[in-house]
Structure formats: C-alpha cells, structure tokens
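Working notes, beginning with the structure itself.
The values are calculated or read from the model by the stated rules, or taken from the named source; none is laboratory data. Worth saying up front: this structure is predicted, and the values here are computed from it rather than measured. Cβ: placed from backbone, ideal geometry, glycine included. Neighbour counts: every protein chain shown. Ligands, DNA and RNA are stripped out before the accessible areas are found, and what is left, the full protein with its side chains, is counted by its heavy atoms. Shrake-Rupley method; radii C 1.70, N 1.55, O 1.52, S 1.80 Å.
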Amino acid sequence: MKVLVINAGSSSLKYQLYDMRNELVLASGRVERIGMDSSIVTHEPVDKPEVRNVSEILDHVTAVKRVIDMLTHPEFGALSHLNEIDAVGHRVVHGGEVFSSSVLVTQEVKLEIRRLFDLAPLHNPAHMMGISAVETNLPNVPQVVVFDTAFHQSMPNTSYLYPIPTVLYRRHKIRRYGFHGTSHAYVSTHAAEYLNKPLESLKMITCHIGNGASLAAIMDGKSFDTSMGMTPLEGLMMGTRSGDIDPAIVPFVMNKEELTLNEVNSMLNKHSGMLAISGISSDMREVTEAMLEGDKNAKLAFDMYAYRVKKYIGAYAAAMNGVDTIVFTAGVGENSVALRKAICDGISFLGIELDEQRNSERRKDAREITTDASRVKVLVVPTNEELLIARDTYTIVKSLESNQS
Ligand code: ADP
C-alpha cells in the first residue's frame, strides 16, 4: 500500500509518499506561498536530484494537483499513475475532546473538525482545505486524520483542568489539550522498543524540543500530563514563545503599554522566548554560537531555556512518583549536545548520570546518552511524525478493507 502524508498549512503544504511494505519514503516535498503568483513547489524524489518549480498556485486544490503531477511525472515521479495512491493521511493540529485517536475522514468527522476551528483558528481551517483539496483531486481515495492532541486525551482531569471558574470549561471547553502528541507517541514507543521493555512498564518523560517545545509525562503507556495547554503557548520557554508567565502580566502590560489583545498575543507568541532574552535569534544554533563567543544575553537565554526544561522534568518525576526514562527529540533535543548536558547536569539526585562521550556523538539513530550505571536512562530518539501518520493511515484503511471483504 502507498500512503501520501499531507501537512497542510494556510499558505504551505508538505508531503511525503510512503511505501508501507517497507515503510520507505518514495518522495517528499513542499508547496510554499500558496495563494500568491510565485508559488514554489520543491519536490525531492529519492535517489534523484531535487526539482524546483515556480508558478501561480492560488489555492489548495491546485497545490494538491501539482503534488500529484510531481509524484506521477515520467522523469522524476515515484508513481506511474495516480491510482497507485491507496490512502492519504493528514496531520490535524486540534482534535479537541472529540478525537482520542486517528480516524477515517467522514462527513461527521469533517463537521467536528470545523466545530474545532475556534480552538485552532490558524491551523484547523488550513487542514480542512487540504482534506477538501484531496477529495477534489482523488475522490475515491480514503483519507485519515491524525491529531496532535489525540495522544494527550488520556490525561486525568487533575492534569487537564485549569483552576478557573468551571463554567468556562463547560461553555467553551477551556482546558489543557497538549500538542506534539504524534511525536510524543512515536518517540515513547520507539524508546520502549530500544530498551526492549513494554512501554506500559516505564515512567517516561519525553522532551520534544524544537522551535516549539513541550514535555510529556507518560505513565502506563499513556500521556499523564504535558506542558502545552489549551494553546501551544503554555509551558517551556521556546524560540519565540514565552511559555509559562504570570497571567496577570497580560492585563498589566496591556494597560501600561496600551497594547491591544492582538498585540499582546503577538508579543507572547512571536517576540518572546529565546529571541527576546538573547536579543539575537530564536534559533538555538545561533544563540549557542553567540554564547560561545561570549555574548551574555545569549548565555542567559540558553541557561533560562535549559533551567525551565529541568524544572518540568523535576515536576513530572514528582507527578509520576518516579521516572525511568527521559527522551530528547526534535531539532534542539536531537542535535544540541550543549543543551542536553545543561539539562542533565545537576539532576543526578534523580538517578541520571550523563555519559559525555555518548552525548557528544553525532548520530542519526536512537541511542542512549547516559552511562551503563545510570538508574534513569536518557535517550535521544529522532522523531518521525510523518511515519506515525502513515502507519495510522495504513492500519485504519487496511482494517476498512478487511471489514469489507
Ligand atoms: P520545528 O518546531 O519548526 O519543527 P525543529 O524541530 O526543526 O523545529 O527545531 C528547530 C530548532 O532546532 C532550531 O532552534 C534549531 O536551531 C535547532 N537545531 C537544529 N540543529 C541544531 C544543532 N545542530 N544544534 C543546536 N540546535 C539545533
């Protein structure tokens, strides 16, 4: 079975085509600047050079058409005919309280995703455009949606409720949802396989640290708590997002600086975090370089970033009454030797003993970075959200086929 994985944004669309017999990527690419006259399609076939194409792509229907054209192109395509695409899997950011697992796209599912537009106004409408565009281009191909929030639906109410008037939860569903669920699910499963232990037997803390960053406490194989909240703003300090702050700062700043709601929202999401503290960049590589060259603000940003991850690890170890495994993943978690060291140093009381040699190795596979004697195992596991989306899509569509036969 061949599965096309799509991550549709409002002006971009990323894709990967998988052959599920061996879970290999046959081709991948992205369409950028949808809605503009100079949209860019970048197609990356396996074993062939990248192809770039600039043209007018005014909507998602045309974007998906161009993707199919690329995939079936006689020279650099990966398919001889579009009917070789057996199923399409979509990343959807918000599944609210309705979806606790991936599902086949039906009229009812589309309606529910629309009902959730309020909770993810920047993401869910774009995902719906992707789903409709596939429907138009590939009307008979089954589609599956995989939600960033679904993995965290197992959280108990002590984790997901906010201590604010409960009418707000009842009326507006204001609660913690958590994000990066596909990544937390993927790396926790992979880490358990690496350790050759059942996931259910491990108390695990997964640290997805990229531009956006979240931690998850995983117990009995399920998400028990996570640092992002109703929106991806809560929790850790991030590239441009503040993470946790005193909520009273919002009205105070609005009043003192005469900011509108939109302005304060933009301040906390786009002009805070590492960017604000370093005054240099939201990018961990640039901040680390500046720190090594002696920049004091860059060092402060780096130290604050690491400190906040460390605090959450401590909190989740307490919340689960212990921790056996800590997993680092995503751009920073997979690559920053210095940040992993800054986080792991000074928490030896938890039973963590970092192996500096293992931590400095630059490898692309899952590996352990603690010593053999370390009671808590710390792993680096490269995330692969697209593969998990492809796997869920395959499983759901396969079971559909066997039910029909
Ligand atoms: P996104 O949330 O956009 O998917 P990524 O998971 O790709 O983000 O992570 C991007 C972050 O990873 C950036 O801050 C980048 O600097 C950081 N990063 C990537 N490679 C390295 C590296 N070798 N050392 C330190 N940080 C890195």
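Tabulated data for the structure shown
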item: Test: Arg363 is of a type in the set (Lys, Arg), away from the ligand (no atom under 13 Å from the Cβ) and open to solvent by 70 Å² or more (accessible area, probe 1.4 Å); result: no
item: Unmet requirement for His43, which otherwise passes all of (1) open to solvent by 40 Å² or more (accessible area, probe 1.4 Å); (2) at negative phi; result: (1)
item: The range 322-335, residues that are in contact (Cβ under 8 Å) with a residue 60 or more places away in the chain and of a type outside the set (A, V, I, L, M); result: Gly322, Asp324, Thr325, Phe328, Thr329, Gly331, Gly333
item: Criterion (within 15 Å of the ligand (Cβ to nearest atom) and without any contact (Cβ under 8 Å) to a residue 24 or more places away in the chain) met by exactly one of Glu257, Glu289; result: Glu289
item: Some residue of the range 147-160 being in a strand (DSSP E or B), surrounded by 22 or more Cβ atoms within 10 Å (Cβ to Cβ) and touching a residue at least 12 places away in the same chain (Cβ under 8 Å); result: yes
item: Thr240 within 16 Å of the ligand (Cβ to nearest atom), without any contact (Cβ under 8 Å) to a residue 60 or more places away in the chain and either open to solvent by 10 Å² or more (accessible area, probe 1.4 Å) or under 14 Å from Gly181 (Cβ atoms) (or both); result: yes
item: Residue within the range 338-357 that is within 12 Å of the ligand (Cβ to nearest atom), of a type in the set (S, T, N, Q) and either open to solvent by 40 Å² or more (accessible area, probe 1.4 Å) or touching a residue at least 12 places away in the same chain (Cβ under 8 Å) (or both) present; result: no
item: Hits in the range 189-211 (condition: within 20 Å of Asn335 (Cβ to Cβ) and open to solvent by less than 10 Å² (accessible area, probe 1.4 Å)); result: Ala191, Ile205, Thr206, Cys207, Ile209
